[in-house]
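Structure, as structure tokens:
The values are calculated or read from the model by the stated rules, or taken from the named source; none is laboratory data. The structure displayed is predicted, hence computed values, not measured ones. Every residue, glycine as well, gets a Cβ built from its backbone with ideal geometry; the counts of neighbours run over all protein chains shown. Please note that ligands, DNA and RNA were not included when accessible areas were found on the heavy atoms of the full protein model with its side chains. Shrake-Rupley method; radii C 1.70, N 1.55, O 1.52, S 1.80 Å.
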Amino acid sequence: MAIHVLIPCSKTKSVEPVQELVWKEGASIENWVSAWENIDSDLLEPGRLYTGRATNNQLEMVLKRNDAYPYIISAGAGLIPVKLGKKIPSYEATFGKHGPSVDDWFKLPFGGLSNIQLEEDDVIVAFAPPMYLSAISKDPWIERFWKNIVASESSCLGRNCGFPVKIHPRMKDILGVAAADLNTELIKIYLESGLSEIERFSEKAGKLPPPPKR
């Protein structure tokens, strides 16, 4: 069984974006892809380009395992299969006015879920911010992958995925992490101990006394 882990990109990068790849309001995805394809210098591997803490921590964690495969969910590139050694230019794009709509995300240079070579018993771990998961949910290949996806039952993937996970709103308190680091910790727990351990922590969170009123 292979574990395919979806990791959100970070806005912060090690080098300034290529000017042709700064998404301006009103730009089309066709023009963006064309500009991307014409950049053939100053390319970096994702681990060297993205400098965000969560992105780097998740990448490092997944790359240590032989059975796990990280993919960067990028609003400018698509779904980047990291272990294939792909290199990309620096860019600036976010979902919305300064980037593609979630409906068009799969049309970006690297494509979308079709990058994942999924076997019957594989799983796709999807603990990421809502906008990234929304892009995943709109991918034309999602119907083929629903039964293999692990995601929070309260996320946009939770209703249809094969492995919905209950994540209590106070999970971060039990785990002792900041909200920004919760998804990283969930991925870590899943890789080390599986779904049952995440649900055990969720049950403990549900037994916490009410937070003090301030």
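Structure notes:
- Computed over the stretch 76-140, relative contact order equals 39 percent, with contacts defined as Cα pairs under 8 Å that lie 6+ residues apart.
- Measuring between alpha carbons in the structure, the pairs from 107/138; 24/86; 64/86; 87/172 lying more than 23 angstrom apart are 24/86; 87/172.
- Karplus-derived 3J(HN,Hα), 6.51/-1.76/1.60, for each residue of the stretch 34-49, Hz, glycine and proline x: 4, 5, 4, 5, 8, 8, 10, 9, 6, 8, 10, 5, x, x, 9, 7
- Peptides 139-146, 12-19, 109-116, ordered by how many other C-beta atoms sit within 10 Å of their residues on average, highest first, read 109-116, 139-146, 12-19.
- Between residue 11 and residue 56, residue separation times 0.36 nm minus the direct Cα-Cα distance comes to 15.0 nm.
- Scattering from the chain was approximated by placing one identical point on each alpha carbon and applying the Debye formula without solvent; log10 I(q)/I(0) at 0.13, 0.15, 0.18 1/Å stands at -0.74, -0.96, -1.30.
- The residues of the stretch 33-85 expose, per residue, 48 Å² of accessible area to a 1.4 Å probe.
- For the peptides 199-205, 123-129, residues were scored by their other Cβ atoms within 10 Å and the scores averaged per peptide; the highest-first order is 123-129, 199-205.
- Computed E for residue 170/residue 1 - FRET, C-beta separation, R0 30 angstrom, nearest 0.05: 0.45
- Once backbone amide H atoms are built at 1.01 Å from N, residue 68 has 3 as its partners under 5 Å, excluding neighbours fewer than 5 places away on the same chain.
- Spin-label model distance (nm) - residue 38 vs residue 177, 7 Å beyond Cα toward Cβ: 4.2
- Percent of beta bridges antiparallel (DSSP, the stretch 1-148, rounded to nearest 5): 40
- Length-normalised contact order of the stretch 19-94 in % [C-alpha pairs under 8 Å, at least 6 apart]: 38
- Rolling a 1.4 Å probe over the heavy atoms of the protein chains gives the stretch 110-214 an accessible area of 55 Å² per residue.
- Accessible carbon and sulfur surface of the chain relative to its total accessible area, %, 1.4 Å: 48
- Simple Cβ-charge dipole of the chain, Lys/Arg +1 and Asp/Glu -1, about Cα centre, in debye nearest 20: 900
- Degrees, to the nearest 10: 195-206 long Cα axis against longest axis of the chain: 60
- Calculated P(r) of the stretch 106-187 - Cα pairs past 17 Å, %: 49
- Calculated from the alpha-carbon coordinates, the stretch 50-173 shows an Rg and a Dmax of 14.4, 39 Å respectively.
- Between helix 53-63 and the chain: long-axis angle, C-alpha atoms, 0 to 90°, nearest 10: 80
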